[in-house]
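First up is the structure itself, then whatever we jot down about it.
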Amino acid sequence: MTRVDFYISPSQAADANLKLACRIAEKAYSKNNRVYLHAQDPQQAKQLDDLLWVFRDGSFVPHCQTDDEHLAQAQVVIGCDELPDIAPDVLINLANEVPNFFTRFERVAEIVSGSEPARNIARSRFKFYRERGYPLETHELNS
């Protein structure tokens, strides 16, 4: 059964969720997991694509977007629509809704910013998972 972790950032900065998603993707990649970063829209997918190269000095997270010719070989993929024909282990969700394909993953990381509107949207996703019996963990981050 898919395990779901909610990562709650205290920051309300516009790019805080993206940086947190990059950190989680880096950690999953370092453990040899295949990762799918599910963005809210194409603009956010592009921001993630750019940020994964520079979010931390010395970091290297090879990745591509779903329309890339190297998709089949990529260990970290970014998209915002339906899941392409790949088999990743970890879903990092930055969208407001629960993706309908989340059950294809061993783990789901739900990213939540510190703003009250974002927390309210995340509460509905939490309730969705809880009502269906998925194991849930919440991680309140300090920075």
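The numbers here are math on the coordinates, done by the rules we state, and not lab data. Keep in mind that this is a model prediction, so the values were computed, not measured. Cβ sites come from the backbone with ideal geometry, for glycine too, and all protein chains shown count toward neighbours.
Expressed in units of 2.2 N^0.38 Å, where N is the residue count, the Cα radius of gyration of the range 28-131 is 1.07. Near Leu141, once Lys and Arg are set to +1 and Asp and Glu to -1 for all other residues with Cβ below 14 Å from its Cβ, the sum equals 0.
Local charge for Leu51 was computed over the other residues whose Cβ lies under 12 Å away, with Lys and Arg +1 and Asp and Glu -1, and equals 0.
Short-range pairs are left out: with C-alpha atoms under 8 Å and at least six residues apart, the relative contact order of the chain is 41 percent. Using the Cβ-Cβ distance between Gln40 and Glu140 with R0 set to 25 Å, the FRET efficiency works out to roughly 0.65. Each other residue within a Cβ distance under 12 Å of Ala74 adds +1 if Lys or Arg and -1 if Asp or Glu, for a net charge of -3.
Remark: Lys19, Lys127, Lys46 ranked as Lys127, Lys46, Lys19, counting other beta-carbon atoms within 10 Å and listing the fewest first.
As a rough footprinting exposure proxy, the listed residues Glu106, Glu131 were ranked by other beta carbons within 10 Å of their own, and the order from fewest upward is Glu131, Glu106.
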